[in-house]
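The structure under discussion appears below in the form of structure tokens.
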Amino acid sequence: MGKSWLRDYIIKRLIYTVIIAWGILTITFILVRVGPSSPADKYLANLAARGQDIAQIRAAIEARYGLDKPIYEQYVDYMGNLFQGNWGWSFSTSMPVTELIKSHWIYSFQLILLSSLFAAFLGILIGIYSAVKQYTKTDYAFTFLSFIGISIPNFWLGIMLILAFSVKLGLFKTYYDTTLPLFSLDNLKALVLPVITLGTGMLAGYVRYTRSAMLDNLRKAFVTTARAKGLPERTVIGKHVFRNAMLPLVTIIMFDLGSIVFGGAYLTEIIFGIPGLGQISFNAIFANDYPVVVAVTLIGTFIVLLVNLMTDITYTYLDPRIRYD
């Protein structure tokens, strides 16, 4: 039988993923299209300043992009184009949505990747140390700092970091410089404050969860047995205790990864002026640019659902006793 049940489970979850994504896409499309304003409004202010007939221009623009059709016809047209790989036209930037996403996704990706690595590496390391050195001054200090890190809102921390390290000390720019090469030390330096802003809350959470999971496993009988066999303490902690503590940590890390795609990364991009998917979708919402809003929402939905699927698969390798019916 092998892992055939896992293959069936993955297929079932992928089908659910498509259905859920379609539902979210439909809801998003309807919500952004039933508003009183039109995507054509973006053009009207400039045209009004030139003394042109607004009503006539608006009708011409809506007819050109099919915005004058009933909403269900617009929805059918949109879905038909989407299945053919046509994600639509961005009204606010006057370019295809696919081209817009291709030129901006990398900024969100680098921010999320670096923040996750920063938070996971330091959080787990400090959590392990704090558990092994329980009730020491260092443990109390890390516990206190982790509570502060969890309590601080991302947007407030980002603004304070800009005021302290950019405005007062002049160590960093107050905004993200898009002219810097992506793979350069200057770009890495420009991402220091955004990464700290986005990663601090996650780091603090990982410290707490790692410490708790490690302490829970340190008290179990197999640890006493391993020590009684004369195994080095490093082996007991790293091979036996930490491996068993990994399961809840994977849950938290994957959950955070899904959360920051839709939440923290958006705010951080806006605070630091990073032109990622969060920034362009934020601008698209105010411009009623529904093709961009729907596309970014769809991408975020797929990422979250696939991360959840990866979490479930990872469980089966960390604990072979786990099975999904």
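The values are calculated or read from the model by the stated rules, or taken from the named source; none is laboratory data. Every value quoted in this text rests on a predicted model; they were computed, and no experiment measured them. Counting neighbours? That spans all protein chains shown, and the Cβs are built from the backbone with ideal geometry, glycine included. Accessible surface is based on the protein model in full, side chains and every heavy atom, while ligands, DNA and RNA are left aside. Shrake-Rupley method; radii C 1.70, N 1.55, O 1.52, S 1.80 Å.
Things worth noting here:
- Filter result for T301 (touching a residue at least 24 places away in the same chain (Cβ under 8 Å) and either open to solvent by 20 Å² or more (accessible area, probe 1.4 Å) or under 20 Å from K102 (Cα atoms) (or both)): yes
- Residue match in segment 285-295 (condition: hydrophobic (A, V, I, L, M, F, W, C) and under 23 Å from T200 (Cα atoms)): no
- Against the list (1) within 30 Å of A221 (Cβ to Cβ); (2) in contact (Cβ under 8 Å) with a residue 60 or more places away in the chain, the condition K239 fails is (2).
- Pairs, first without any contact (Cβ under 8 Å) to a residue 12 or more places away in the chain in segment 133-152, second loosely packed, with under 15 Cβ neighbours inside 10 Å and in a helix (DSSP H, G or I), C-beta under 9 Å, six or more apart: none
- Inter-residue pairs, beta-carbon under 6 Å, first assigned to a helix (DSSP H, G or I) and in segment 25-36, second of a type in the set (S, T, N, Q), 6+ apart: T28/T297
- Candidates Q52, Q74, Q110, Q56 - the one that is over 30 Å from T235 (Cα atoms), at pLDDT 90 or above and polar (S, T, N, Q): Q110
- Candidate set from segment 61-71 (those that are aliphatic (A, V, I, L, M) and modelled with pLDDT of 75 or more); member that is surrounded by the most Cβ atoms within 10 Å (Cβ to Cβ): L67
- Residue within segment 75-94 that is in contact (Cβ under 8 Å) with a residue 24 or more places away in the chain, out of contact with any Ser or Thr (no Cβ under 6 Å at 6 or more places or on another chain) and under 24 Å from V250 (Cβ atoms) present: no
- Subset of segment 304-325 [free of Cβ contacts under 8 Å to residues at least 40 places away in the same chain and part of a helix (DSSP H, G or I)]: Y317
- Any hit, segment 74-92, residues being farther than 23 Å from I285 by Cβ and open to solvent by less than 60 Å² (accessible area, probe 1.4 Å): yes
- Helices (runs of 4 or more DSSP H) completely within segment 115-193 that count 3 or more residues being under 30 Å from E233 (Cα atoms) and open to solvent by 80 Å² or more (accessible area, probe 1.4 Å): 137-151
- Reported count of residues in segment 93-114, each being under 25 Å from the mean Cα position of the chain (by Cα), among the polar types (S, T, N, Q) and either open to solvent by 40 Å² or more (accessible area, probe 1.4 Å) or on the phi > 0 side of the Ramachandran plot (or both), is 3.
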